[in-house]
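To keep things clear, I will list the structure first and then write my remarks on it.
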Amino acid sequence: MPACAEKIGVALSTGAGRVGEERLHMSKSERLKLLTLIVLIGFGSSVCIHYCRAGYGNLPYPATTWLCKPHDRFDAFAGGTENHYFGDFYVTWAQSHDPNPYRPSSVVVPSNYFPFTHILFKPLAAIPYNAALPLFLIGTLVGISAYLAWTLRVDDRLDNLKNVFVLCVMSYPVQMVVDRGNIEGLLFLLIAAFVACMQRGKVGWSVVALSCAAAMKLYPGLFALMYLARRQYQAFAGCCVLTLLLSVSSLAVFDGGIVANARDMLGVLRTCDASADTGTHVVQHGSSFHGMLRSCGFLLGAREEPIAVFNRLNLLFSLATLGLLLAAHLRCRLKSWESCALITFAIVLVPKVSFDYKLVLLYLPLALFMNSYLPRRAALLYTLGFALMLVPKGFMCVRDDVSIGCIIGPLVMIAMACAILVSAYWPSRAAQAIDREALPNALATSAR
């Protein structure tokens, strides 16, 4: 009888523990079901809205699609660089043929990418465009799908297929990557390799992956803050040195010499920065803080934009963001997904021009978030935030093809970043309870 009573007591306590855990914790499967449901509804609603506006209202672009102009082909002989099919890929592919991509050619404008990008594109530039394009797009989609299948897998195979299909085919950021043919998909895969190596303790390989990404577009270097948070100072220094070596050696390959090529590249980047203050073409399909300010001006019907004020506000916001980001990584015990999310938000918000294909980087913190322990309410709110960033928001235009999404997206990311920082500095009792349960639960899961 005593033994029987002991077993009953153990069973009751185990059951009570599971009920308490379910009350505190929102499972990965629950979060994924909510996320994919919202993405599915958002995609379906956008299809219906734009179909009705185009088919029944006979409205022109941008009422016909939430993506870029689908009817404007790239004319290689005219040298145009307006919106066009897979245009970003075409420009990068064409520039990689040139002996120096930072000087004007007869086909395209000078490159605003870092030199290592064109070194990586040399193999694609060696084959015809009609073969290089599908190879690049298929490789990007397969890589993103494989990452989602690997990081978001659950016990049910049908759920796995559904999750990958919805988040790869119906997701607005992935659609933008494909629509533009942008190298952001390749950057995503390199940074994903960095995160995976970091999670498995393969620091050396993580340095290589992150350095390659930072040598293509400098901003992935912000992820090196994760080394500082883990007190891995040698890895941080190694990443900086390797990025510099890849950039300098790539400049040496082009005609003109390292110094002249660096001067040309910086000149192109300064021109791009100055062009961010004029026109709507640098605001549309974007999620930067500067673009949000300009979009608010469009929404309010401002005839003349106070660009000088916007630039000062953007500078203050950028300095505050980078300062808080550094302080949070040095002073707070951030979870991996929180660190990754804050860095990703900064990468999207801080530049003056930040097109929505960058939002594909949100899959990095999203995957870490789905595999983390959080209080149910917090998990629900963050899931809703991620879902809002993955759905099209072009149902209302404020000027030309600048949609209300240029305002909603940055506001959602700023709200999520503030919530992460507040919870990092002042964790709630529920979060502390989850933290105490997370380690033993994770150990039990790995043991099973």
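The values are calculated or read from the model by the stated rules, or taken from the named source; none is laboratory data. These numbers come from a predicted model, not from an experiment. Every residue, glycine among them, receives a Cβ derived from its backbone with ideal geometry; neighbour counts consider all protein chains shown. To get the accessible areas, we keep the full protein, side chains included, count just its heavy atoms, and leave off ligands, DNA and RNA. Shrake-Rupley method; radii C 1.70, N 1.55, O 1.52, S 1.80 Å.
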Can you give the extra length, in nm with one decimal, that the chain gains between Asp155 and Leu381 once fully stretched, where that is 0.36 nm per residue apart less the Cα-Cα distance?
78.9 nm
Where the centroid of each part is defined by its Cα atoms, how far is region 197-246 from region 303-373 in Å?
18 Å
Quick one: putting +1 on the C-beta of Lys and Arg, -1 on the C-beta of Asp and Glu, what dipole do you get for region 114-235 around its Cα centre, in Debye to the nearest 20?
380 debye
Find, among the trypsin sites (Lys or Arg not before Pro) in region 212-261, those assigned to loop by DSSP (not H, G, I, E, B) with at most 10 other beta-carbon atoms within 10 angstrom.
Arg231
Protein accessible area in the chain, 1.4 Å probe - carbon and sulfur %
67 percent
For the chain, find the longest principal axis of its Cα atoms and tell me its angle to the long axis of helix 28-55, 0 to 90°, nearest 10.
40 degrees
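For a quick protection proxy, order the peptides 248-256, 92-100 by their average other-Cβ count within 10 Å, most packed first. Don't skip to the end; give the middle numbers.
Numbers: 248-256: 16.3, 92-100: 19.8.
Most protected by this proxy first, the peptides run 92-100, 248-256.
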Net charge, Val169 excluded, C-beta distance under 15 Å - Lys, Arg +1, Asp, Glu -1
0
Rounded to whole Å², per residue accessible area for the chain with a 1.4 Å probe reads 48 Å²
Using only Cα atoms and rounding to the nearest 10 degrees, what angle (0 to 90) does helix 203-216 make with the longest principal axis of the chain?
30 degrees
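Net charge near Asn311: determine it from the other residues with C-beta under 11 Å of the C-beta of Asn311, scoring Lys and Arg +1 and Asp and Glu -1. Don't skip to the end; give the middle numbers.
Values: positive: Arg294, Arg312, Lys352; negative: Asp273, Asp277, Glu305.
In short, 0.
Using 0.36 nm per residue, how much length does the chain from Val169 to Ala125 gain when fully extended, once their Cα-Cα distance is taken away? Could the numbers behind the result be given before it?
Working: separation 44, 0.36 × 44 = 15.84 nm, distance 2.73 nm.
Going from the current span to full extension adds 13.1 nm.
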Pairwise FRET efficiency - Leu269 versus Leu135, Cβ, R0 = 22 Å, nearest 0.05
0.15
Placing +1 at every Lys and Arg Cβ and -1 at every Asp and Glu Cβ, with all other atoms neutral, what dipole size does the chain have around its Cα centre, in debye to the nearest 20?
1200 debye
Connecting C-alpha atoms closer than 10 Å in a GNM of the chain, tell me which of Phe317, Phe188, Phe114 has the biggest fluctuation.
Phe317
Violations at 19 Å Cα threshold for listed pairs Lys122/Lys358; Lys28/Lys162; Lys122/Lys352; Lys33/Lys393; Lys33/Lys162 -> Lys122/Lys358; Lys122/Lys352; Lys33/Lys393
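How charged is the neighbourhood of Arg263? Take every other residue with its Cβ under 15 Å from the Cβ of Arg263, and add Lys/Arg as +1 and Asp/Glu as -1. Intermediate results must be reported in sequence, preceding the final value.
Numbers: positive: Arg103, Arg270; negative: Asp255, Asp264.
Net charge in that neighbourhood comes out at 0.
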Can you give me the distance in nm between label points at Ala146 and Arg231, each placed 7 Å from the Cα along the Cα-to-Cβ direction?
3.6 nm
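Which whole-number percent is the relative contact order of the chain (Cα, under 8 Å, 6+ apart)?
Working: 545 pairs, mean separation 95.5, N = 448.
Result for the chain is 21 percent.
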Charge dipole (the chain, unit charges on Cβ, about Cα centre) - positive-most of Tyr363, Val169, Leu300:
Tyr363
Which residue fluctuates most in the GNM of the chain (Cα springs below 10 Å): Ser46, Ser275, Ser247?
Ser275
